[in-house]
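Encoded as structure tokens, the structure appears first; notes follow it.
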Amino acid sequence: MFRVRVNKIESIRDVDGNLGKRIELLEDREIPRFAVRPQSEEAQVVQDVLQALQQQIPMFPTRGQITIPKIILFLTEQEYESLGIGFDVNQVYDITLQNQSIRFMKTA
């Protein structure tokens, strides 16, 4: 089992011109934080500035969090409706791969 987050949902057309969706799922994984102590005072200042930027600017990944592309679904509108999952951006799912099937479970 692994955890994914819906990163992006786009409208697309398949080769036959049918409307569909492209759903990008990123793996959410905690990475261990290593305590790295800068050797010089200048390096400490740079580290402090980078940490302040990470807290203020959302485009920088949050501390201890890494996202890795995991699954991209290309579905027609009919396939999307048949799947029975209303994907929303930033929604998190636990995915289980078992017996030749993929199971999505929405996390609380």
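Could you count how many residues in the stretch 7-18 are closer than 16 Å to L83 by Cα and at pLDDT below 95?
The qualifying residues number 0.
Tell me, which residue of the stretch 46-67 that is surrounded by 10 or more Cβ atoms within 10 Å (Cβ to Cβ) and aliphatic (A, V, I, L, M) is modelled with the lowest pLDDT?
Step by step, filter the stretch 46-67, then rank; the result is I66.
Under the condition of being modelled with pLDDT of 90 or more and either exposed (fewer than 10 other Cβ atoms within 10 Å of the Cβ) or under 12 Å from L73 (Cα atoms) (or both), which residue from the stretch 19-35 is farthest from the chain's Cα centre (by Cα)?
G20
The values are calculated or read from the model by the stated rules, or taken from the named source; none is laboratory data. It should be emphasised that the depicted structure is a prediction, and the values quoted were computed from it without experimental measurement. FYI the Cβ positions are ideal-geometry reconstructions off the backbone, even for glycines, and counts take in every protein chain you see.
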